[in-house]
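The values are calculated or read from the model by the stated rules, or taken from the named source; none is laboratory data. All values derive from a computational prediction rather than experimental measurement. Don't worry about glycine lacking a Cβ; one is built from the backbone with ideal geometry, like all the others, and counts go over all protein chains shown. SASA here: full protein model, heavy atoms, side chains in, ligands and nucleic acids out. Shrake-Rupley method; radii C 1.70, N 1.55, O 1.52, S 1.80 Å.
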Amino acid sequence: MTYRAGWIHYTNVAPILDSLVLPNNVTAVTGVPTEMNAALLEGRVDIANISAVEFIRHADKLEALPDFSVAVLGPVYSVNLFHTVPLPNLRRVALTRQSAMSVALLEVLLAARGLSPTLERAEGEAENLLASGYDGVLRIGDSALREWYRVVGPLTPETTMTTLPHTARGITVTDLAEEWFRLTGHTFVFAVWAYRKDAPPPAALVQAMREARREGIGHLADVARRHAAGLGLPERVVQHYLWNFRYHLEAPDRLGLHEFAAQAVPGHAPLRFGPRPGVRVESG
Ligand SMILES: C=C(O[C@@H]1C=C(C(=O)O)C=C[C@H]1O)C(=O)O
């Protein structure tokens, strides 16, 4: 039987996907987070790296690989609220249709500040939307990374990603993962690799994913070089962006995930993870 994978193909998954050799009988499609969330929940794929909030919302049906995540501690650079007024003055915010996670995160961050601007779905470049009457625009993924750099860059020999300003040309870029860290002191998990509990991935696929990740992380400069031109960004920016991610769903990531789950989806079913690598499951 064929096992069907669905991959979100943003650059932050390249350290896992670029070197991945799919075993026989595994097929893969790609898409943006909301597409992959729906594909998994509707049974069109069997495993996908999905928005962590969808995993939490559907924890009764889903299980996640125990050692795969797209997570950060502090800034992420690609989940950004672009705004022209201070956060307390926000009135109308445009949300991207590509994302479930960042919308849920924005709602948590706004609620923590007692803010309730109007949230609307609208596509387009952040700067164009800001010029057209929105005072905030939420963007994720590669285009958000590019727009962030366009607003706050360029890097000079004296600056690093972490010392670039948050405001330039009248636009402030609020990095939602950095805000989450300020609020809670936790990591933020954007994605996990989830599957329906009754359809776990073949061991050969998980093994291939682990090998691909080892290869990608071991050659991050090469991954950055391959993707920099396509992104239209300096290699230095892409390399920093990539090594900043936490791909192993380690204990601090799980803590952050549970904290977010408690805040965003109160009353959710217990989160379930498959057996850890190297841990033998006794049968009977
Ligand atoms: C950090 C990011 O993570 C992605 C953001 C997601 C979302 O917002 O729903 C889902 C999967 C993640 O891989 C990003 O691509 O910018």
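When the residues of the stretch 251-272 are filtered to those that are in a loop (DSSP other than H, G, I, E, B) and touching an Asp or Glu at 6+ places or on another chain (Cβ under 8 Å), the one that is farthest from S78 (Cα to Cα) is A269.
Checking the condition of a type outside the set (D, E, K, R) and surrounded by 15 or more Cβ atoms within 10 Å (Cβ to Cβ), which residue from A261, A251, A221 passes? First the steps, then the outcome.
Details: A251 fails: surrounded by 15 or more Cβ atoms within 10 Å (Cβ to Cβ); A221 fails: surrounded by 15 or more Cβ atoms within 10 Å (Cβ to Cβ).
Exactly one residue qualifies, and that residue is A261.
Screening A144, A112 for residues that are closer than 30 Å to P266 by Cα, in contact with a Ser or Thr (Cβ under 8 Å, 6 or more places away or on another chain) and at pLDDT 95 or above leaves exactly one candidate, A144.
Within the stretch 270-279, can one find any residue that is within 26 Å of T159 (Cα to Cα), outside the structural domain of P154 (by TED's automatic domain parsing) and among the charged types (D, E, K, R)? Checked the stretch 270-279: no residue is within 26 Å of T159 (Cα to Cα), outside the structural domain of P154 (by TED's automatic domain parsing) and among the charged types (D, E, K, R).
When each of L105, L129 is tested for being part of a helix (DSSP H, G or I) and either at pLDDT below 95 or open to solvent by 10 Å² or more (accessible area, probe 1.4 Å) (or both), the lone residue that passes is L129.
For the stretch 108-122, taking the residues that are in contact with a strand residue (DSSP E or B) (Cβ under 8 Å, 6 or more places away or on another chain) and more than 14 Å from the ligand (Cβ to nearest atom), the one that is most open to solvent (accessible area, probe 1.4 Å) is identified as T118. In the set (1) touching a helix residue (DSSP H, G or I) at 6+ places or on another chain (Cβ under 7 Å); (2) touching a residue at least 40 places away in the same chain (Cβ under 8 Å); (3) more than 16 Å from the ligand (Cβ to nearest atom), the condition left unmet by M161 is number (3). All conditions in (1) open to solvent by 80 Å² or more (accessible area, probe 1.4 Å); (2) in contact (Cβ under 8 Å) with a residue 24 or more places away in the chain hold for G267, with the sole exception of (2).
From the list L22, L73, L17, L87, which one is surrounded by fewer than 24 Cβ atoms within 10 Å (Cβ to Cβ), more than 20 Å from the chain's Cα centre (by Cα) and closer than 25 Å to L220 by Cα? Before the answer, list the steps.
On the way: L73 fails: more than 20 Å from the chain's Cα centre (by Cα); L17 fails: more than 20 Å from the chain's Cα centre (by Cα); L87 fails: closer than 25 Å to L220 by Cα.
None of the other options fit; the residue is L22.
Considering only residues that are over 20 Å from R254 (Cα atoms) and either touching a residue at least 24 places away in the same chain (Cβ under 8 Å) or assigned by TED's automatic domain parsing to the domain that holds S143 (or both), which ones fall in the stretch 186-199? Break it down into steps so the answer makes sense when it comes.
At the first step, the residues of the stretch 186-199 found to be over 20 Å from R254 (Cα atoms) are 198-199.
If the condition is that a residue be over 20 Å from R254 (Cα atoms) and either touching a residue at least 24 places away in the same chain (Cβ under 8 Å) or assigned by TED's automatic domain parsing to the domain that holds S143 (or both), then A199 is the only one that fits.
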